[in-house]
Amino acid sequence: MSECEAREVDRAQLDVSVVVPLANERETLEELYSQIAAVLAQEERCFEVIFVDDGSADGSWEVIRRLHAAHENVRGIRFRRNFRKAAALAAGFAHARGAIVVTIDADLQDDPRSIVALLRKIAEGNDLVSGWKQDRKDPFTKRIASRLFNFVCSRLTEVQLHDFNCGLKAYRRSVVETLNLYGDLHRFIPALAAQRGSRIAEVAVPHFPRRYGKSHYGGARLLEGIFDLFTVCFLSRYLTRPAHVFGVFAVLAGLLGGTAALMPVVGPASLAWPASVWVVGSALLLAFAGIFLSIGLLAELLTRLLHDRSASFVIAETLD
Ligand code: UDP
Ligand code: MG
(Lines give C-alpha, C1' and ligand atoms only; values in the text may rest on other atoms or scores of the structure.)
(Ligands and ions follow the chains in the order given, each with its own letter.)
Protein backbone atom coordinates (compact mmCIF):
# COMPACT_ATOMS: atom_id res chain seq x y z
CA MET A 1 0.00 0.00 0.00
CA SER A 2 1.86 3.10 -1.20
CA GLU A 3 -0.22 5.52 0.81
CA CYS A 4 -2.16 4.75 3.93
CA GLU A 5 -5.74 4.24 2.82
CA ALA A 6 -7.44 6.18 5.52
CA ARG A 7 -10.96 5.32 4.46
CA GLU A 8 -10.19 1.62 4.70
CA VAL A 9 -8.17 1.39 7.89
CA ASP A 10 -9.58 1.29 11.34
CA ARG A 11 -9.78 4.99 12.28
CA ALA A 12 -8.09 4.23 15.57
CA GLN A 13 -4.94 3.22 13.66
CA LEU A 14 -4.42 6.64 12.10
CA ASP A 15 -1.13 8.00 13.36
CA VAL A 16 -1.21 11.54 12.06
CA SER A 17 -3.84 14.02 10.87
CA VAL A 18 -2.38 16.98 9.01
CA VAL A 19 -4.72 19.98 9.15
CA VAL A 20 -4.21 22.66 6.48
CA PRO A 21 -6.18 25.91 6.94
CA LEU A 22 -6.39 27.90 3.72
CA ALA A 23 -7.97 30.92 2.12
CA ASN A 24 -7.32 31.41 -1.61
CA GLU A 25 -4.25 29.22 -1.98
CA ARG A 26 -5.07 27.12 -5.06
CA GLU A 27 -1.57 27.28 -6.55
CA THR A 28 0.18 25.45 -3.75
CA LEU A 29 -2.23 22.72 -2.65
CA GLU A 30 -1.15 19.93 -4.98
CA GLU A 31 2.54 20.45 -4.34
CA LEU A 32 1.91 20.75 -0.60
CA TYR A 33 0.00 17.46 -0.56
CA SER A 34 2.75 15.65 -2.50
CA GLN A 35 5.42 16.93 -0.12
CA ILE A 36 3.45 16.00 3.01
CA ALA A 37 2.63 12.57 1.59
CA ALA A 38 6.28 11.92 0.66
CA VAL A 39 7.51 12.85 4.13
CA LEU A 40 4.94 10.82 6.05
CA ALA A 41 5.16 7.79 3.76
CA GLN A 42 8.92 7.74 4.33
CA GLU A 43 8.27 7.86 8.08
CA GLU A 44 5.88 4.90 7.59
CA ARG A 45 3.04 6.83 9.18
CA CYS A 46 -0.60 6.13 8.55
CA PHE A 47 -1.99 9.61 7.91
CA GLU A 48 -4.75 11.81 6.57
CA VAL A 49 -4.59 15.36 5.24
CA ILE A 50 -7.56 17.59 6.05
CA PHE A 51 -7.82 20.73 3.93
CA VAL A 52 -10.04 23.35 5.54
CA ASP A 53 -11.16 25.87 2.93
CA ASP A 54 -11.90 29.07 4.82
CA GLY A 55 -14.15 30.73 2.24
CA SER A 56 -11.80 30.72 -0.79
CA ALA A 57 -13.08 32.32 -3.98
CA ASP A 58 -10.18 31.33 -6.25
CA GLY A 59 -11.08 27.71 -7.01
CA SER A 60 -9.11 26.18 -4.10
CA TRP A 61 -12.07 23.92 -3.34
CA GLU A 62 -11.99 22.43 -6.86
CA VAL A 63 -8.34 21.52 -6.31
CA ILE A 64 -9.24 19.92 -2.96
CA ARG A 65 -12.03 17.96 -4.66
CA ARG A 66 -9.55 16.64 -7.23
CA LEU A 67 -7.07 15.67 -4.52
CA HIS A 68 -9.85 13.94 -2.58
CA ALA A 69 -10.88 11.97 -5.67
CA ALA A 70 -7.28 10.93 -6.33
CA HIS A 71 -6.15 10.07 -2.81
CA GLU A 72 -7.91 8.01 -0.16
CA ASN A 73 -6.34 9.98 2.66
CA VAL A 74 -7.38 13.47 1.59
CA ARG A 75 -10.38 15.01 3.30
CA GLY A 76 -11.89 18.46 2.84
CA ILE A 77 -14.03 20.90 4.76
CA ARG A 78 -15.41 24.00 3.08
CA PHE A 79 -16.73 26.96 5.06
CA ARG A 80 -19.63 29.01 3.75
CA ARG A 81 -17.57 32.16 4.06
CA ASN A 82 -14.30 33.29 5.59
CA PHE A 83 -14.41 32.58 9.33
CA ARG A 84 -10.69 33.27 9.87
CA LYS A 85 -7.81 30.96 10.56
CA ALA A 86 -8.64 30.04 14.17
CA ALA A 87 -12.07 28.75 13.11
CA ALA A 88 -10.49 26.81 10.22
CA LEU A 89 -8.09 25.13 12.66
CA ALA A 90 -10.94 24.41 15.09
CA ALA A 91 -12.96 22.71 12.33
CA GLY A 92 -9.92 20.66 11.29
CA PHE A 93 -9.30 19.63 14.89
CA ALA A 94 -12.91 18.58 15.34
CA HIS A 95 -12.65 16.28 12.31
CA ALA A 96 -9.10 14.97 12.87
CA ARG A 97 -8.85 11.29 13.78
CA GLY A 98 -5.10 10.76 14.15
CA ALA A 99 -3.33 10.19 17.46
CA ILE A 100 -1.18 13.20 16.60
CA VAL A 101 -2.46 16.31 14.86
CA VAL A 102 -0.09 18.43 12.79
CA THR A 103 -0.96 21.87 11.39
CA ILE A 104 0.80 23.51 8.47
CA ASP A 105 0.03 26.66 6.47
CA ALA A 106 -1.03 26.09 2.88
CA ASP A 107 1.26 28.63 1.25
CA LEU A 108 4.46 26.51 1.28
CA GLN A 109 6.25 29.06 3.49
CA ASP A 110 6.86 26.12 5.82
CA ASP A 111 8.76 22.98 4.85
CA PRO A 112 6.72 19.77 5.25
CA ARG A 113 10.01 17.97 6.01
CA SER A 114 10.00 19.79 9.36
CA ILE A 115 7.09 17.57 10.38
CA VAL A 116 9.60 14.80 11.11
CA ALA A 117 11.34 16.92 13.77
CA LEU A 118 7.99 17.88 15.30
CA LEU A 119 6.90 14.23 15.54
CA ARG A 120 10.22 13.31 17.13
CA LYS A 121 9.73 15.94 19.84
CA ILE A 122 6.23 14.65 20.52
CA ALA A 123 7.67 11.14 20.89
CA GLU A 124 10.05 12.54 23.51
CA GLY A 125 7.03 13.18 25.70
CA ASN A 126 5.83 16.66 24.75
CA ASP A 127 2.14 17.40 24.24
CA LEU A 128 2.56 20.35 21.88
CA VAL A 129 5.56 21.15 19.70
CA SER A 130 5.69 24.49 17.96
CA GLY A 131 7.86 25.48 15.02
CA TRP A 132 10.11 28.51 15.40
CA LYS A 133 10.67 30.54 12.23
CA GLN A 134 14.18 31.45 13.35
CA ASP A 135 15.07 33.10 10.05
CA ARG A 136 11.72 34.50 9.03
CA LYS A 137 11.35 35.38 5.34
CA ASP A 138 8.73 38.10 5.62
CA PRO A 139 8.82 41.91 5.23
CA PHE A 140 10.74 43.89 7.87
CA THR A 141 7.63 45.50 9.44
CA LYS A 142 6.10 42.13 9.98
CA ARG A 143 9.27 40.70 11.53
CA ILE A 144 9.48 43.61 13.99
CA ALA A 145 5.77 43.40 14.90
CA SER A 146 6.14 39.68 15.38
CA ARG A 147 9.20 40.08 17.64
CA LEU A 148 7.34 42.56 19.83
CA PHE A 149 4.28 40.35 19.93
CA ASN A 150 6.28 37.28 20.94
CA PHE A 151 8.21 39.21 23.59
CA VAL A 152 5.06 40.60 25.25
CA CYS A 153 3.29 37.29 24.89
CA SER A 154 6.01 35.23 26.56
CA ARG A 155 6.28 37.77 29.40
CA LEU A 156 2.56 37.92 30.10
CA THR A 157 1.70 34.28 29.63
CA GLU A 158 4.86 32.85 31.18
CA VAL A 159 5.24 30.41 28.27
CA GLN A 160 8.81 30.70 27.03
CA LEU A 161 8.62 30.51 23.24
CA HIS A 162 10.27 32.52 20.46
CA ASP A 163 7.40 32.08 18.03
CA PHE A 164 3.85 31.63 19.32
CA ASN A 165 2.23 32.05 15.95
CA CYS A 166 4.08 29.53 13.76
CA GLY A 167 1.64 27.71 11.47
CA LEU A 168 3.65 24.53 11.85
CA LYS A 169 2.77 22.70 15.05
CA ALA A 170 2.20 19.15 16.30
CA TYR A 171 -0.18 18.18 19.08
CA ARG A 172 -1.23 15.11 20.93
CA ARG A 173 -4.91 14.55 20.21
CA SER A 174 -5.92 15.27 23.78
CA VAL A 175 -4.55 18.83 23.44
CA VAL A 176 -6.62 19.79 20.40
CA GLU A 177 -9.73 18.26 21.94
CA THR A 178 -9.73 20.86 24.68
CA LEU A 179 -8.73 23.94 22.66
CA ASN A 180 -11.57 26.38 22.13
CA LEU A 181 -10.42 28.50 19.19
CA TYR A 182 -12.26 31.45 17.68
CA GLY A 183 -11.53 35.01 16.55
CA ASP A 184 -7.75 35.32 16.27
CA LEU A 185 -6.93 33.10 19.21
CA HIS A 186 -4.79 30.78 17.05
CA ARG A 187 -1.92 33.14 17.87
CA PHE A 188 -2.07 32.08 21.49
CA ILE A 189 -2.44 28.32 21.15
CA PRO A 190 0.70 27.54 23.22
CA ALA A 191 -0.57 29.80 26.03
CA LEU A 192 -4.04 28.25 25.89
CA ALA A 193 -2.55 24.73 25.91
CA ALA A 194 -0.14 25.56 28.73
CA GLN A 195 -3.08 26.76 30.78
CA ARG A 196 -4.43 23.21 30.55
CA GLY A 197 -1.16 21.75 31.74
CA SER A 198 0.35 20.71 28.38
CA ARG A 199 4.06 20.11 28.08
CA ILE A 200 5.33 22.43 25.36
CA ALA A 201 8.50 22.40 23.25
CA GLU A 202 9.86 24.36 20.30
CA VAL A 203 11.98 23.39 17.29
CA ALA A 204 13.63 25.78 14.84
CA VAL A 205 12.25 25.29 11.33
CA PRO A 206 13.19 26.77 7.95
CA HIS A 207 10.94 29.43 6.45
CA PHE A 208 10.50 30.49 2.83
CA PRO A 209 9.14 33.64 1.18
CA ARG A 210 5.60 33.45 -0.21
CA ARG A 211 5.69 32.35 -3.84
CA TYR A 212 2.01 32.79 -4.73
CA GLY A 213 -0.88 34.90 -3.46
CA LYS A 214 -0.45 37.37 -0.64
CA SER A 215 -0.27 37.31 3.13
CA HIS A 216 -3.56 37.64 5.02
CA TYR A 217 -1.81 39.24 7.98
CA GLY A 218 0.11 42.52 7.81
CA GLY A 219 2.31 43.78 10.65
CA ALA A 220 -0.55 45.99 11.88
CA ARG A 221 -2.90 43.04 12.19
CA LEU A 222 -0.34 41.26 14.26
CA LEU A 223 -0.20 44.17 16.67
CA GLU A 224 -3.97 44.00 17.05
CA GLY A 225 -3.16 40.72 18.73
CA ILE A 226 -2.02 42.67 21.78
CA PHE A 227 -5.70 43.30 22.57
CA ASP A 228 -6.39 39.58 22.37
CA LEU A 229 -3.50 39.09 24.75
CA PHE A 230 -5.44 40.76 27.57
CA THR A 231 -8.36 38.44 26.88
CA VAL A 232 -6.06 35.42 26.93
CA CYS A 233 -4.40 36.50 30.17
CA PHE A 234 -7.77 37.09 31.81
CA LEU A 235 -9.21 33.84 30.49
CA SER A 236 -6.15 31.82 31.40
CA ARG A 237 -6.24 32.95 35.00
CA TYR A 238 -9.89 33.59 35.75
CA LEU A 239 -12.00 31.68 33.23
CA THR A 240 -13.42 29.38 35.85
CA ARG A 241 -13.47 31.91 38.69
CA PRO A 242 -14.26 35.36 37.26
CA ALA A 243 -15.79 36.53 40.55
CA HIS A 244 -12.31 36.47 42.05
CA VAL A 245 -11.05 39.30 39.87
CA PHE A 246 -14.23 41.39 40.09
CA GLY A 247 -14.50 40.52 43.78
CA VAL A 248 -11.13 42.16 44.48
CA PHE A 249 -12.37 45.40 42.85
CA ALA A 250 -15.63 45.19 44.81
CA VAL A 251 -13.83 44.78 48.13
CA LEU A 252 -11.43 47.64 47.36
CA ALA A 253 -14.26 49.99 46.36
CA GLY A 254 -16.27 48.89 49.42
CA LEU A 255 -13.41 49.55 51.83
CA LEU A 256 -12.67 52.96 50.31
CA GLY A 257 -16.40 53.86 50.34
CA GLY A 258 -16.80 52.79 53.98
CA THR A 259 -13.74 54.77 55.03
CA ALA A 260 -14.97 57.87 53.15
CA ALA A 261 -18.38 57.60 54.90
CA LEU A 262 -16.71 57.55 58.31
CA MET A 263 -14.29 60.39 57.64
CA PRO A 264 -16.61 63.33 58.60
CA VAL A 265 -17.49 61.49 61.85
CA VAL A 266 -14.19 60.04 63.08
CA GLY A 267 -11.62 61.82 60.87
CA PRO A 268 -9.35 64.70 61.96
CA ALA A 269 -11.15 67.95 62.87
CA SER A 270 -9.86 69.93 59.87
CA LEU A 271 -10.70 67.84 56.77
CA ALA A 272 -9.57 68.98 53.33
CA TRP A 273 -13.11 68.67 51.90
CA PRO A 274 -16.55 69.48 53.37
CA ALA A 275 -18.65 66.58 54.71
CA SER A 276 -20.95 66.61 51.67
CA VAL A 277 -18.02 65.67 49.36
CA TRP A 278 -17.14 62.70 51.58
CA VAL A 279 -20.76 61.52 51.62
CA VAL A 280 -21.18 61.75 47.84
CA GLY A 281 -17.76 60.14 47.27
CA SER A 282 -18.61 57.33 49.65
CA ALA A 283 -21.99 56.73 47.98
CA LEU A 284 -20.30 56.51 44.55
CA LEU A 285 -17.62 54.09 45.76
CA LEU A 286 -20.20 51.87 47.47
CA ALA A 287 -22.27 51.88 44.27
CA PHE A 288 -19.18 50.77 42.33
CA ALA A 289 -18.59 48.01 44.87
CA GLY A 290 -22.13 46.77 44.22
CA ILE A 291 -21.62 46.95 40.45
CA PHE A 292 -18.34 44.99 40.58
CA LEU A 293 -19.95 42.38 42.79
CA SER A 294 -22.89 42.01 40.38
CA ILE A 295 -20.59 41.77 37.33
CA GLY A 296 -18.58 39.09 39.12
CA LEU A 297 -21.70 37.08 39.92
CA LEU A 298 -23.04 37.48 36.37
CA ALA A 299 -19.68 36.32 35.00
CA GLU A 300 -19.87 33.26 37.27
CA LEU A 301 -23.36 32.57 35.96
CA LEU A 302 -22.12 32.79 32.35
CA THR A 303 -19.27 30.44 33.13
CA ARG A 304 -21.78 27.88 34.33
CA LEU A 305 -24.17 28.32 31.41
CA LEU A 306 -21.94 28.78 28.36
CA HIS A 307 -20.22 25.50 27.75
CA ASP A 308 -20.87 25.30 24.04
CA ARG A 309 -19.20 27.96 21.91
CA SER A 310 -18.86 25.73 18.86
CA ALA A 311 -21.11 28.01 16.81
CA SER A 312 -18.10 30.07 15.71
CA PHE A 313 -18.19 28.53 12.22
CA VAL A 314 -20.66 27.00 9.78
CA ILE A 315 -19.58 24.14 7.51
CA ALA A 316 -21.05 23.98 4.03
CA GLU A 317 -19.68 20.58 2.97
CA THR A 318 -17.40 17.81 4.22
CA LEU A 319 -15.62 15.11 2.24
CA ASP A 320 -14.98 11.91 4.20
N1 UDP B 1 -5.67 31.58 6.43
C2 UDP B 1 -6.96 31.12 6.64
N3 UDP B 1 -7.96 32.02 6.89
C4 UDP B 1 -7.71 33.37 6.99
C5 UDP B 1 -6.39 33.82 6.83
C6 UDP B 1 -5.38 32.90 6.56
O7 UDP B 1 -7.21 29.91 6.54
O8 UDP B 1 -8.66 34.12 7.23
C9 UDP B 1 -4.59 30.61 6.13
C10 UDP B 1 -3.77 30.98 4.89
O11 UDP B 1 -4.38 30.54 3.70
C12 UDP B 1 -2.46 30.26 5.19
C13 UDP B 1 -2.35 30.40 6.71
O14 UDP B 1 -3.66 30.66 7.19
O15 UDP B 1 -2.54 28.89 4.85
C16 UDP B 1 -1.40 31.52 7.13
O17 UDP B 1 -1.80 32.75 6.52
P18 UDP B 1 -0.75 33.73 5.83
O19 UDP B 1 0.24 32.96 5.05
O20 UDP B 1 -1.52 34.79 5.11
O21 UDP B 1 -0.04 34.37 7.12
P22 UDP B 1 1.49 34.80 7.22
O23 UDP B 1 2.33 33.60 6.87
O24 UDP B 1 1.68 35.91 6.24
O25 UDP B 1 1.63 35.24 8.65
MG1 MG C 1 2.25 32.54 5.13
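The values are calculated or read from the model by the stated rules, or taken from the named source; none is laboratory data. Since this is a predicted model, take the numbers as computed values, not measurements. Cβ atoms come from the backbone with ideal geometry, glycine included; neighbour counts cover every protein chain shown. These accessible areas exclude ligands, DNA and RNA; they are computed on the full protein's heavy atoms, side chains included. Shrake-Rupley method; radii C 1.70, N 1.55, O 1.52, S 1.80 Å.
Taking only the C-alpha atoms, wrap a convex hull around the stretch 95-151 and report its volume per residue in Å³ as a whole number.
Once divided by residue count, the hull of the stretch 95-151 is 127 Å³.
Give Lys121/Lys169; Lys142/Lys214; Lys121/Lys142 a once-over and call out the pairs whose C-alpha atoms are over 19 Å from each other.
In this structure, Lys121/Lys142 exceed 19 Å between Cα atoms.
If I take R0 = 25 Å and measure r between the Cβ atoms of Val248 and Arg155 in this structure, what FRET efficiency does the formula 1/(1 + (r/R0)^6) give, to the nearest 0.05?
0.70
With each pseudo-label sitting 7 Å past Cα toward Cβ, what's the Glu43-Phe208 distance in nm, one decimal?
1.8 nm
Using the alpha-carbon atoms, what tilt in degrees (0 to 90, nearest 10) does helix 114-123 show relative to the longest principal axis of the chain?
That helix lies at roughly 60 degrees to the long axis.
Rounded to the nearest whole Å², what accessible area per residue is found for the chain with the 1.4 Å probe?
In whole numbers, the chain has 50 Å² accessible per residue.
Taking R0 as 41 Å, what FRET efficiency do you get between Asn82 and Arg173 from their Cβ-Cβ distance, rounded to the nearest 0.05?
Calculated value: 0.90.
Relative to the longest principal axis of the chain, what angle (0 to 90°, nearest 10) does the C-alpha long axis of helix 242-266 take?
10 degrees
Using 0.36 nm per residue of separation minus the Cα-Cα distance, give me the extension gain between Ala69 and Leu255 in nm, one decimal.
Result for the pair: 60.1 nm of gain on full extension.
Using the Cα gyration tensor of the chain, with a ≥ b ≥ c the square roots of its eigenvalues, what is the shape: rounded (a/c below 1.5), prolate (a/b larger than b/c) or oblate (neither)?
Prolate, because a/c is 1.5 or more and a/b exceeds b/c.
Sort 273-280, 132-139 for me by packing, meaning the mean count of neighbouring Cβ atoms within 10 Å per residue, highest on top.
Top to bottom by mean Cβ count within 10 Å: 132-139, 273-280.
Please express the Cα-Cα pair-distance distribution P(r) of the stretch 230-286 as a list of whole percents, one per 10 Å bin, running from 0 to the bin with the greatest distance.
Histogram of Cα-Cα distances, whole percents per bin: 23, 33, 20, 16, 8.
Charges only on Cβ, +1 for Lys and Arg, -1 for Asp and Glu: so what's the dipole of the chain about the Cα centre, in debye to the nearest 20?
920 debye
Quick check: from the Cα gyration tensor, does the stretch 115-253 come out rounded (a/c under 1.5), prolate or oblate?
oblate
If I compute solvent accessible area with a 1.4 Å probe over the protein chains, what percent of it on the chain is carbon and sulfur?
In the chain, the share of accessible area belonging to carbon and sulfur is 59 percent.
Full extension from Leu284 to Tyr182: what is 0.36 nm times the residue separation minus their Cα-Cα distance, to one decimal in nm?
Computed gain between Leu284 and Tyr182 is 33.0 nm.
Nearest-5 percent of antiparallel DSSP beta bridges in the chain?
Looking only at bridges with both residues in the chain, the antiparallel portion is about 35 percent.
If r is the Cβ-Cβ distance from Asp135 to Phe227 and R0 is 25 Å, what FRET efficiency results, to the nearest 0.05?
FRET efficiency, Asp135 to Phe227: 0.30.
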